[in-house]
Amino acid sequence: MFIELDGWMAKLRFSASHFIPDHPKCGRLHGHTYAISVRVEGTQAGEFIIDFMELKHIVNEICDRLDHCILIAKNDPRLKITQDNGYYTVEIIKSCKHYVLPGDDVLLLPIPSVSAEDLCTYFIKEISSVLKDGGSADTITALHVRVDEGIGQGAGCSMDL
Ligand SMILES: [Zn+2]
């Protein structure tokens, strides 16, 4: 059995800006509204596999963290990131493109890029970690997450718990 949250309909969304170094179009700083959809497989413990409210709360907390931020991939080998006096200087190695960004607006993420695929990996790790810490993972056997980068295109990934 599974339960499912549609990120668009359940309002599990955030808006953020990013760029993909060296990509002809996505290499420019630009923004998206993202929606996070989640499917949880498992067995019922009482009434639920997991309470929808609890799952929404977990996903919303992560969305709030990323909302209205400039997302930068800390582990992108194409980037050189330095912090000085409250500002991040992000240099795209090889293309000589420099962004100087206010530290308050930047969120460094522990992923290799800010593609929908890598954001999906980030979300599934964060969600599974909260589920395990909160003891909710006992009845859950698998987690599926999809990160939509606008309506109609997204990346999905799965994890056995
Ligand atoms: Zn984009």
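The values are calculated or read from the model by the stated rules, or taken from the named source; none is laboratory data. In this text, all values refer to a predicted model and were calculated from it rather than measured experimentally. Using ideal geometry, Cβ is built from the backbone for each residue, glycine included, and neighbour counts are taken over all protein chains shown. Quick note on the areas: whole protein, heavy atoms, side chains included, nothing else; ligands and nucleic acids left out. Shrake-Rupley method; radii C 1.70, N 1.55, O 1.52, S 1.80 Å.
Candidates in the stretch 104-157 are the residues that are part of a loop (DSSP other than H, G, I, E, B) and of a type in the set (V, I, T); of these, the one that is surrounded by the fewest Cβ atoms within 10 Å (Cβ to Cβ) is I151. Inside the stretch 115-139, residues that are in contact with a helix residue (DSSP H, G or I) (Cβ under 9 Å, 6 or more places away or on another chain) and closer than 20 Å to G7 by Cα make up a count of 8. The set of residues from the stretch 85-103 being surrounded by fewer than 12 Cβ atoms within 10 Å (Cβ to Cβ) and at pLDDT 90 or above comprises V100, P102.
In the set (1) free of Cβ contacts under 8 Å to residues at least 40 places away in the same chain; (2) open to solvent by 20 Å² or more (accessible area, probe 1.4 Å); (3) in contact with a strand residue (DSSP E or B) (Cβ under 8 Å, 6 or more places away or on another chain), H68 fails one condition alone, (1). Screening S37, S15 for residues that are surrounded by 14 or more Cβ atoms within 10 Å (Cβ to Cβ), of a type outside the set (D, E, K, R) and in a strand (DSSP E or B) leaves exactly one candidate, S37. Taking the stretch 40-65 as the search range and keeping residues that are in a loop (DSSP other than H, G, I, E, B) and either open to solvent by 60 Å² or more (accessible area, probe 1.4 Å) or free of Cβ contacts under 8 Å to residues at least 12 places away in the same chain (or both), which one is farthest from the ligand (Cβ to nearest atom)? Here the residue is G46.
What are the residues in the stretch 1-26 that are in contact (Cβ under 8 Å) with a residue 24 or more places away in the chain and within 10 Å of the ligand (Cβ to nearest atom), if any?
Those that are in contact (Cβ under 8 Å) with a residue 24 or more places away in the chain and within 10 Å of the ligand (Cβ to nearest atom): A16, S17, H18, F19, I20.
Using the structure shown, decide if I93 is among the aliphatic types (A, V, I, L, M) and closer than 24 Å to G152 by Cβ.
Numbers: among the aliphatic types (A, V, I, L, M): yes; closer than 24 Å to G152 by Cβ: no.
Against the criterion (among the aliphatic types (A, V, I, L, M) and closer than 24 Å to G152 by Cβ), I93 does not qualify.
Determine which single condition I124 fails, assuming it passes every other condition in (1) at pLDDT 90 or above; (2) more than 14 Å from the chain's Cα centre (by Cα); (3) among the aliphatic types (A, V, I, L, M). Answer for I124: the failing condition is (2).
Evaluating C120 against the criteria (1) under 22 Å from G156 (Cβ atoms); (2) away from the ligand (no atom under 16 Å from the Cβ) leaves one unmet condition, (2).
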